[in-house]
Amino acid sequence: MASWRQQALIEAPVEEVWEVLADPVRGPDWDQDVLAITGAPVKIEKGSTFELTGRGPLGLKGTTTFKVQEFDEMHELKMQCEASGFYAHWLLTKAQDGTFTQLELGHEQEVLPEPALKDRAVRALYTKSYLRRAVDRTLDGLRRAVRSEDVRTT
């Protein structure tokens with residue numbers, strides 16, 4: 001299992017960060033690897049599912065079902081691809097006027113115990129260096145989205 005975890009401070013209250021993060025439909029607005037979201041409920045909760053069309057390693061595009069594995073309002077959100085095992089795990093903590101954010105992107109092997117050759121090849125592309133770059137891009141995108149929220153509300 002490959003994964004990359006990184007922490008960052010986002011200069012916005014946890015409520016504003018959570019509002020952007022916990023609305024999957026807004027994902028394409030701030031995560032450059034998310035191209036489209038369909039079938040997402042109005043309010044997500046543990047067990048919610050939605051279809052995500054995204055770009056993965058080598059720019060490969062695909063549409064898969066994601067399921068919310070962990071959900072703790074304004075604190076924790078883990079979403080995982082039901083086909084590949086790719087996941088995004090967010091932890092948020094209030095930090096004075098900002099939000100301490102931890103993001104882990106990774107790939108869990110257990111989802112498909114005996115994957116087809118194509119699935120094994122795709123899994124091999126989720127290297128630590130790919131995941132590190134993806135975490136950087138995702139955190140930067142979330143920062144920009146939260147800043148644009150601040151501009152719209154002032």
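Worth a mention:
- In the stretch 47-57, the residues that are modelled with pLDDT of 95 or more and within 16 Å of Asp33 (Cβ to Cβ): Phe50, Glu51, Leu52, Thr53
- Scanning the stretch 11-41 for residues that are farther than 21 Å from Thr63 by Cβ and without any contact (Cβ under 8 Å) to a residue 60 or more places away in the chain yields Glu15, Ala22.
- Residue ID - farthest from the chain's Cα centre (by Cα), chosen from residues in the stretch 64-85 that are under 16 Å from Pro41 (Cβ atoms) and aliphatic (A, V, I, L, M): Val68
- All strands (runs of 3 or more DSSP E) inside the stretch 1-55 with 1 or more residues being among the polar types (S, T, N, Q) and loosely packed, with under 14 Cβ neighbours inside 10 Å: 3-10, 34-38
- Here Val122 passes the criteria (1) in a helix (DSSP H, G or I); (2) among the β-branched types (Val, Ile, Thr); (3) at pLDDT 95 or above except the one numbered (3).
- Subset of the stretch 58-81 that is of a type in the set (Asp, Glu) and part of a strand (DSSP E or B) - its residue that is farthest from Ala134 (Cα to Cα): Asp72
- Filtered residue count, the stretch 85-107, keeping only those that are hydroxyl-bearing (Ser, Thr, Tyr), surrounded by 20 or more Cβ atoms within 10 Å (Cβ to Cβ) and either out of contact with any Leu (no Cβ under 6 Å at 6 or more places or on another chain) or within 20 Å of Leu131 (Cα to Cα) (or both): 2
- The number of residues in the stretch 20-46 being under 15 Å from Gln80 (Cβ atoms), modelled with pLDDT under 95 and of a type in the set (Val, Ile, Thr) comes to 1.
- When the criteria are applied in full, Lys94 meets the requirement of being under 18 Å from Arg147 (Cα atoms), modelled with pLDDT of 95 or more, outside any loop (DSSP other than H, G, I, E, B) and of a type outside the set (Ser, Thr, Tyr).
- Annotation: of all residues in the stretch 63-84 being closer than 22 Å to Asp136 by Cβ and free of Cβ contacts under 8 Å to residues at least 40 places away in the same chain, the one that is surrounded by the fewest Cβ atoms within 10 Å (Cβ to Cβ) is Glu76.
- Within the stretch 58-84, tally of residues that are touching a Leu at 6+ places or on another chain (Cβ under 8 Å), modelled with pLDDT of 95 or more and among the charged types (D, E, K, R): 2
The values are calculated or read from the model by the stated rules, or taken from the named source; none is laboratory data. Model, not experiment: these values are computed from the prediction. Note that each Cβ is placed from the backbone with ideal geometry, even for glycine, and that neighbours are counted across all protein chains shown.
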